[in-house]
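All remarks here apply to the structure that follows.
What follows draws every value from the coordinates through simple rules; no lab data is involved. Just so it is clear, the model here is predicted, and its values are computed rather than measured. Because the Cβ atoms are built from the backbone with ideal geometry, glycine has one as well, and the counts that use them run over all protein chains shown.
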Amino acid sequence: MQLRVTAFDHPDALTLNDQVQLEYVRRYGDGEGDATPLDATMFVPPSGLYLIAYDGDRPCATGGWRTQDENPMGYANGDAELKRMYVIPEARGLGLARRILAALEEDARAAGRTRMVLETGDMQPEAIALYGSSGYETCAKFGHYRFHDSSRCMAKPLAGV
């Protein structure tokens with residue numbers, strides 16, 4: 001598997017985003033998916049990064065980070081927010097999510113970000129387990145879903161790690 005820096009609006013990224021949105025609908029049953037406002041410019045270095053893992057020409061997994069700083073949505077100065085972590089069902093269990101997560105953390109740290117934050121949901125136990133085993137801890141809620149009971153927010157310091 002090869003990790004490639006890719007634009008968030010690249011056709012493969014759009015396909016994987018559609019798949020993760022269907023996964024959210026399946027798990028949460030709301031018909032909406034993740035309505036967090038995102039656009040491709042949020043993932044352009046050095047303010048962010050978007051990665052896709054490929055098996056040959058086949059896109060198998062994705063993830064990105066975007067810069068966040070203190071604002072009314074609950075972010076703090078120096079935050080990097082993890083977004084759109086997803087592995088297609090056929091590629092799960094191969095360590096791709098952990099590999100993408102490590103690459104995103106390294107890139108955010110190199111860009112001067114001091115904390116990686118993420119929001120997931122209580123119907124995603126695999127994600128919660130991955131993040132917990134990777135050093136993330138529960139933090140104050142932030143972001144688009146901060147008032148939702150099912151929202152789970154986690155953070156990990158990047159400085160000095």
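Each other residue within a Cβ distance under 14 Å of TYR145 adds +1 if Lys or Arg and -1 if Asp or Glu, for a net charge of -2.
Using 0.36 nm per residue and subtracting the Cα-Cα separation, the extra length available between SER133 and ARG99 on full extension is 10.9 nm. Find out how many positive minus negative residues lie around SER47, taking Lys and Arg as positive, Asp and Glu as negative, among other residues whose Cβ is under 10 Å from that of SER47. Every neighbour counted, the sum reads +2.
Computed extension length for HIS10-LYS141: 44.1 nm, one decimal, from 0.36 nm per residue of separation with the Cα-Cα distance subtracted. In this structure the amide hydrogen of GLY33, modeled in the peptide plane, comes within under 5 Å of the amide hydrogens of VAL25, none closer than 5 places in sequence on its chain. 3J(HN,Hα) couplings calculated from phi for the stretch 86-93 with the Karplus curve 6.51 cos²θ - 1.76 cosθ + 1.60 (θ = phi - 60°) are, in sequence order, 7, 10, 4, x, 5, 10, 6, x Hz; Gly and Pro show x. Farthest towards the positive end of the charge dipole of the stretch 1-47, among the residues ASN17, ALA35, PRO46, is the Cα of PRO46, using unit charges on the Cβ of Lys, Arg, Asp and Glu.
Once the Cβ-Cβ distance between VAL25 and ALA159 is put in as r, and R0 is 45 Å, what FRET efficiency do you end up with, to the nearest 0.05? Approximately 0.75, to the nearest 0.05.
The stretch 89-111 and the stretch 49-75 have Cα centres spaced 9 Å apart. Between MET1 and THR41, full extension at 0.36 nm per residue minus the direct alpha carbon distance yields a gain of 11.8 nm. Shape class of the chain from the alpha-carbon gyration tensor: rounded, with the ratio a/c of largest to smallest axis under 1.5. Highest-first packing order for the peptide set 146-159, 117-130 is 117-130, 146-159, based on the mean count of other beta carbon atoms within 10 Å.
Given +1 at the Cβ of Lys and Arg, -1 at the Cβ of Asp and Glu and no other charges, the dipole of the chain around its Cα centre is 400 debye to the nearest 20.
Converting phi to 3J(HN,Hα) with the Karplus coefficients 6.51, -1.76 and 1.60 and the offset θ = phi - 60°, the stretch 61-66 yields 7, 8, x, x, 9, 9 Hz in sequence order, with x at every glycine or proline. Where Lys and Arg each count +1 and Asp and Glu each count -1, what net charge lies around GLU105 among other residues with Cβ under 10 Å from its Cβ? Net charge in that neighbourhood comes out at +1.
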